[in-house]
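What follows is calculated from the coordinates using simple rules that are stated; it is not laboratory data. Source: prediction; values computed, not measured. Cβ atoms come from the backbone with ideal geometry, glycine included; neighbour counts cover every protein chain shown.
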Amino acid sequence: MKTFVSYLSDYAQKNNISLSLISVIETIVEACIEISNQVRLGDLSGILGEAGTGNIQGEQQKKLDVLANHILIEQLSNNKKVAGIASEEEDNFVCLNSEQEYLVLFDPLDGSSNIDVNISIGTIFSILRKSGEKLEEKHFLQAGKEQVAAGYVLYGPQSILVLSFGQEVLMFTLNDKQDFIPNTQVVSIPNQTQEFAINMSNQRYWEPPMQQYIHGLLQGKEGERQKDYNMRWVASMVAEVHRILIRGGIFLYPKDSRETTQNGKLRLLYEANPMSFIVQAAGGKASSLASDILDIKPQKLHQRIPVVLGASEEVDFVEQLHMN
């Protein structure tokens, strides 16, 4: 059975992937294994509860948010191929080795509201290439299609690593020897689905086309879609997307009329781009309901957008409603 390092080395050779990029991914994965161990221990390691601080988005941080962010920054600081990093939890980007070739962007702990109740959470990451000039914010503001790799680690009953270089989706499971072992399954999202994930408590704030779409799903066989749908909601994008990769579905976090989410809730650089990159590599689709998410040129580090991703036929249907 191949180790993660040996598998990735062989994969890089077969697919002409830079060993420098592989080293950056290995560093991220090492950090995620450390985070996984902290998550597994929970209250035994004293990492549950509020940190008493807030991030630039004005959100209250959990202790594990702060710890995961620190672990990733510390590990990546030791990799000489990383020019700089940007984190959902940091006000600005962090310059490491300015003249180097890779940028790492991440949400250190997605699904923070689930930490204390032992429901799946995860780390999301995105890697961009950078030119040799001095590092500036503009280097991070690349469209999602420019990503050279993206992935996440789901901390659940098993710790699962999902990784893509854009052509396919690779999946690994953390074993008892602290090594990610490749899974044998082929990851492919079916074009059609009967399962959706959305926070129904926000329904009264949605725009009319989204109201219409969800109403149609809830009508089941008696409605315009003529089939019954199941709804799921974990309040963790990592868990929602992982379910779609395994058994299909559609995930929606639309913009709404509240001031804080008029332009969407999810962060383009740290959540939407890497997850859209993975979903599209698995044959799905990702949309902001105005354009393909991966085509959006970011305007700022902490930009938010609406997100609809998953089964392509379902995403197409939602897009069409918003165009009428």
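Per residue of region 155-172, in order, report the coupling 6.51 cos²θ - 1.76 cosθ + 1.60 (Karplus, θ = phi - 60°) as ³J(HN,Hα) in whole Hz, putting x for Gly and Pro.
Per-residue couplings from phi come out as 9, x, x, 10, 8, 10, 9, 10, 9, 9, 9, x, 9, 7, 10, 9, 9, 9 Hz.
Where the centroid of each part is defined by its Cα atoms, how far is region 1-41 from region 63-81 in Å?
Cα centres, region 1-41 to region 63-81: 16 Å.
Give Lys138/Lys177; Lys2/Lys62; Lys81/Lys177; Lys14/Lys297 a once-over and call out the pairs whose C-alpha atoms are over 29 Å from each other.
Lys138/Lys177; Lys2/Lys62; Lys14/Lys297
Which ³J(HN,Hα) values in Hz, rounded to whole numbers, follow from the phi angles of region 96-105 under the Karplus curve 6.51 cos²θ - 1.76 cosθ + 1.60, where θ = phi - 60° and Gly and Pro get x?
Values per residue, Gly and Pro as x: 10, 10, 3, 8, 7, 9, 10, 10, 10, 10 Hz.
At 7 Å along the Cα-to-beta-carbon direction for both Glu50 and Ser188, put a label point, then send me their distance in nm to one decimal.
Going from the Glu50 label point to the Ser188 one covers 4.9 nm.
Mean separation of Cα pairs under 8 Å and 6+ residues apart, divided by the residue count of region 231-270: what relative contact order is that in percent?
Values: 20 pairs, mean separation 8.6, N = 40.
Value for region 231-270: 21 percent.
Do any trypsin sites (Lys or Arg not before Pro) in region 275-310 lie in a loop, going by DSSP, with at most 13 other beta-carbon atoms within 10 Å of their beta carbon, and if so which? Don't skip to the end; give the middle numbers.
Values: sites: Lys285, Lys300, Arg304; in loops: Lys300.
Loop-located and lightly packed - Lys300.
Would you work out the relative contact order for the chain, in percent, from Cα pairs under 8 angstrom that are 6 or more residues apart?
Details: 679 pairs, mean separation 50.5, N = 324.
This gives 16 percent for the chain.
Would you give the gap between the C-alpha center of region 93-139 and the C-alpha center of region 218-237, rounded to a whole Å?
Centre-to-centre (Cα) distance: 33 Å.
Please give the calculated 222 nm ellipticity per residue for the chain, where each DSSP H segment of at least 4 residues contributes -39500 (n - 2.57) and the sum is spread over every residue; nearest 500 deg cm²/dmol?
Working: 7 runs with 93 residues, N = 324.
Calculated at 222 nm, the ellipticity per residue is -9000 deg cm²/dmol.
Less than 16 Å apart at the alpha-carbon level, and either on another chain or at least 8 residues along: which aspartates and glutamates does that give for Lys265?
Glu59, Glu88, Glu89, Asp107, Asp110, Glu207, Glu240, Asp256
What are the membrane-span-like helices in the chain by this rule: whole DSSP H runs, Cα extent along the axis at least 27 Å, mean Kyte-Doolittle hydropathy at least 0.5? All intermediate terms of the calculation are to be shown ahead of the outcome.
Numbers: long enough: 19-41 (33 Å, 1.12).
What comes out of the filter, once short or polar helices are dropped, is 19-41.
I need the per residue convex hull volume for region 125-234, using only the alpha carbons, in cubic angstrom as a whole number. It would help to have the intermediate numbers written out before the result.
On the way: hull volume 21.5 nm³, N = 110.
It is 195 Å³ per residue.
In terms of the Cα gyration tensor, with a ≥ b ≥ c the square roots of its eigenvalues, is region 4-182 rounded because a/c is under 1.5, prolate because a/b exceeds b/c, or oblate? Don't skip to the answer; put the middle values down first.
Details: a/c = 2.01, a/b = 1.19, b/c = 1.68.
Oblate, since a/c reaches 1.5 and b/c is not below a/b.
Can you list, bin by bin at 10 Å, the percent of alpha carbon pairs in region 195-323, starting at 0?
Each 10 Å bin holds this share of Cα pairs: 13, 47, 35, 5, 0.
If you average the alpha carbon positions of region 140-184 and of region 240-265, how far apart do those two centres end up, in angstrom?
20
Which is farthest toward the positive dipole end of the chain among Gln61, Ser188, Ser87, measuring Cα position about the Cα centre, with Cβ charges +1 (Lys, Arg) and -1 (Asp, Glu)?
Sorting the options by dipole projection puts first Ser188.
How charged is the neighbourhood of Gln203? Take every other residue with its Cβ under 14 Å from the Cβ of Gln203, and add Lys/Arg as +1 and Asp/Glu as -1. Mind showing how you got there, number by number?
On the way: positive: Arg204, Lys255, Arg258; negative: Glu207, Asp256.
For residues surrounding Gln203, the net value is +1.
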